[in-house]
Amino acid sequence: MTHTKEAARWRLFEWIVTLLLTTCAALLGACALIAWLYLSAVSRDTNSSVVAKSEMEIGSALLALKEQQVLSNLKLDAIREELRALNEKAVSASSVTPPRAEGSR
């Protein structure tokens, strides 16, 4: 009978150890899953912030280019107006006949 009691105690001990090992393995798996989910979320946030930062840099670069284009267009408009005024002067000057020299008749 003592043998049966010892065997029963040993089996109970085996069941308890098995239960504890299974619980530890489940907890380790849960920790690994939580860490993986956290790291993937952090890397996704980091990537999205990098993309957002790149988009902001691209937007500011495009804005600077547009400003340069507006300034260039203003300068070109001023040059165009000056050329138009010079062309009008040239047209009016070409319609004026130079005075004839008296000796050439």
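Per the listing R100, R84, the residue uniquely of a type in the set (K, R) and in a helix (DSSP H, G or I) is R84. Yes or no: V17 surrounded by 10 or more Cβ atoms within 10 Å (Cβ to Cβ), among the hydrophobic types (A, V, I, L, M, F, W, C) and either touching a His at 6+ places or on another chain (Cβ under 6 Å) or modelled with pLDDT under 80 (or both)? Here the answer is no, as V17 does not meet what is asked.
Is it the case that the stretch 76-86 has a residue that's under 34 Å from the mean Cα position of the chain (by Cα) and among the basic types (K, R)? No: the stretch 76-86 contains no residue that is under 34 Å from the mean Cα position of the chain (by Cα) and among the basic types (K, R). Of all residues in the stretch 41-75, those satisfying the criterion of being more than 11 Å from the chain's Cα centre (by Cα) and basic (K, R) are R44, K66, K75.
The values are calculated or read from the model by the stated rules, or taken from the named source; none is laboratory data. Note that the structure is predicted; figures quoted are calculated from it, not measured. We place every Cβ from the backbone using ideal geometry, glycine too, and count neighbours over all the protein chains shown.
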